[in-house]
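The values are calculated or read from the model by the stated rules, or taken from the named source; none is laboratory data. Remember, predicted model here, so these are calculated numbers, not experimental data. Don't worry about glycine lacking a Cβ; one is built from the backbone with ideal geometry, like all the others, and counts go over all protein chains shown. Heavy atoms of the whole protein, side chains included, go into the accessibility calculation; ligands, DNA and RNA do not. Shrake-Rupley method; radii C 1.70, N 1.55, O 1.52, S 1.80 Å.
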Amino acid sequence: MLSPALLIVCGLFIGGLALGFVGSLGYMPLIGQETFNLDAYRQILLSERFLLSFLLTFHIAFTSTVIASLLALGAALILRQSFLGRSVINFLFQINLTVPHLVGAVGILYLFSQSGVFARLAYEFSLISKPSEFPAMIFDPLAIGIIMQYVWKEIPFIGLILLANMQTIGRDYEAVAQSLGASRWQSFRHVLLPLLMPGLLTSGMIVFAFTFGAYEIPALLGQNYPAALPVLAYQAFTDVDLNARPEALAMAMIIALLSAVMIYGYARFTRRYIRK
């Protein structure tokens, strides 16, 4: 019964990937290129602009994933407890899951740009002499605004997965460890955290793959040079010179390859972890 849906999904995904791969090899009869070659890969791998874009994109994805994972783990541990107003805090924790990424990015832009709300407040309170002295967090080399947006958006996603895992695990293992003399930190470090690692790695892998291949947030909040890799690929794909199209498709194939490598690495790690 699933075969029609799987046929459509796999057909569109694998078909698009195959066409993109063929185009990245230089085979584009519409513009007179009918031979297969690796020129596009050779040109982008030797390009300083591509390498800088790759490093920037990896920095954004890795930093966002690590910060979001750590904060989500802390939030999940807090929300696991019983306290007054927990249901309200839990609701507020989840509410931004419904907010589109672009809406959140516009909020970051209005709040943290050098002409934004916080810059004007700092000027009003005489913390800076003019709004342009506010630290650059948007269109900056470190991509602080992009990372802030991804962290804000992905914390509840990871946190809900960890909360669900904690509810499944329960407190029995920690209680046994503490009854044997373990402190709360030791029971967390040696009992709870290893049990949460598969869920943490799964959610982290999804966040990393998404942030590495996402286009809209780096396009809105990122600098022009070096641009994030998906932005660079889109710019090459929409270039009026169709000869740049194979390079754009080669960049897309590299993004897809990295995602596939991550999934494969995660699958192997999970098998070894479960066997242990």
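Please indicate, with yes or no, whether at least one residue in the range 173-188 is within 18 Å of the chain's Cα centre (by Cα), modelled with pLDDT of 85 or more and over 18 Å from H101 (Cα atoms).
If we filter the range 173-188 for residues that are within 18 Å of the chain's Cα centre (by Cα), which is where we start, we get none.
Taking every residue of the range 173-188 in turn, none turns out to be within 18 Å of the chain's Cα centre (by Cα), modelled with pLDDT of 85 or more and over 18 Å from H101 (Cα atoms).
Go through the range 128-169 and report how many residues are more than 26 Å from T211 (Cβ to Cβ) and either acidic (D, E) or in contact with a Leu (Cβ under 8 Å, 6 or more places away or on another chain) (or both).
Of the residues in the range 128-169, the ones more than 26 Å from T211 (Cβ to Cβ) are 128-133, 167-169.
With either acidic (D, E) or in contact with a Leu (Cβ under 8 Å, 6 or more places away or on another chain) (or both) added as a condition, the list becomes 133, 169.
The qualifying residues number 2.
Might you check whether a residue that is assigned to a loop (DSSP other than H, G, I, E, B), under 24 Å from A68 (Cα atoms) and either free of Cβ contacts under 8 Å to residues at least 24 places away in the same chain or not assigned by TED's automatic domain parsing to the domain that holds S69 (or both) occurs anywhere in the range 123-139? Spell out how you get there, then give the answer.
Here is the first cut: in the range 123-139, the ones assigned to a loop (DSSP other than H, G, I, E, B) are 125-130, 134-139.
Filter once more, so that each one left must be under 24 Å from A68 (Cα atoms): 135-139.
Next, only the ones that are either free of Cβ contacts under 8 Å to residues at least 24 places away in the same chain or not assigned by TED's automatic domain parsing to the domain that holds S69 (or both) stay: 135-136.
Yes, there is a match, as at least one residue in the range 123-139 is assigned to a loop (DSSP other than H, G, I, E, B), under 24 Å from A68 (Cα atoms) and either free of Cβ contacts under 8 Å to residues at least 24 places away in the same chain or not assigned by TED's automatic domain parsing to the domain that holds S69 (or both).
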Next on the checklist: Which condition from (1) in a loop (DSSP other than H, G, I, E, B); (2) exposed (fewer than 14 other Cβ atoms within 10 Å of the Cβ); (3) modelled with pLDDT of 85 or more is the one that L142 breaks?
Outcome noted: (2)
Item to check | Residue tally, condition open to solvent by 70 Å² or more (accessible area, probe 1.4 Å) and either within 18 Å of D241 (Cα to Cα) or among the basic types (K, R) (or both), over the range 13-49 | outcome: 6
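Evaluate the following for Y173: is it open to solvent by 50 Å² or more (accessible area, probe 1.4 Å), under 30 Å from G15 (Cβ atoms) and in a helix (DSSP H, G or I)? Write out each step before concluding.
Numbers: open to solvent by 50 Å² or more (accessible area, probe 1.4 Å): yes; under 30 Å from G15 (Cβ atoms): no; in a helix (DSSP H, G or I): yes.
Judged against the criteria, Y173 is not a match.
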Checklist entry - G159 passes all but one of (1) more than 14 Å from the chain's Cα centre (by Cα); (2) farther than 12 Å from A68 by Cα; (3) of a type in the set (G, A, S); which number fails? => result (2)
Checklist outcome for this item: Filtering the range 101-122 down to residues that are open to solvent by less than 40 Å² (accessible area, probe 1.4 Å) and not in a loop (DSSP other than H, G, I, E, B) yields H101, G104, A105, G107, I108, A119, A122
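With the structure loaded, tell me whether Y150 is in the same structural domain as P226 (by TED's automatic domain parsing), assigned to a helix (DSSP H, G or I), among the hydroxyl-bearing types (S, T, Y) and within 27 Å of the chain's Cα centre (by Cα) or whether it fails that test. Before the answer, list the steps.
Working: in the same structural domain as P226 (by TED's automatic domain parsing): yes; assigned to a helix (DSSP H, G or I): yes; among the hydroxyl-bearing types (S, T, Y): yes; within 27 Å of the chain's Cα centre (by Cα): yes.
It is true that Y150 is in the same structural domain as P226 (by TED's automatic domain parsing), assigned to a helix (DSSP H, G or I), among the hydroxyl-bearing types (S, T, Y) and within 27 Å of the chain's Cα centre (by Cα).
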Next on the checklist: Any residue that is open to solvent by 40 Å² or more (accessible area, probe 1.4 Å), more than 23 Å from D39 (Cα to Cα), in contact with a helix residue (DSSP H, G or I) (Cβ under 7 Å, 6 or more places away or on another chain) and of a type in the set (V, I, T) - is there at least one of those in the range 182-193?
Outcome noted: no
Checklist entry - On the given criteria, is A76 farther than 26 Å from P226 by Cβ, of a type outside the set (S, T, Y) and either open to solvent by less than 50 Å² (accessible area, probe 1.4 Å) or under 26 Å from the mean Cα position of the chain (by Cα) (or both)? => result yes
Checklist outcome for this item: Restricting attention to the range 50-64, the residues that are within 22 Å of V207 (Cα to Cα) and either open to solvent by less than 80 Å² (accessible area, probe 1.4 Å) or not assigned by TED's automatic domain parsing to the domain that holds M148 (or both) number exactly 10
Next on the checklist: Please count how many residues of the range 219-234 are surrounded by fewer than 20 Cβ atoms within 10 Å (Cβ to Cβ) and over 24 Å from V103 (Cβ atoms).
Outcome noted: 1
Item to check | From the options I155, I89, residue that is part of a helix (DSSP H, G or I) and under 17 Å from I217 (Cα atoms) | outcome: I155
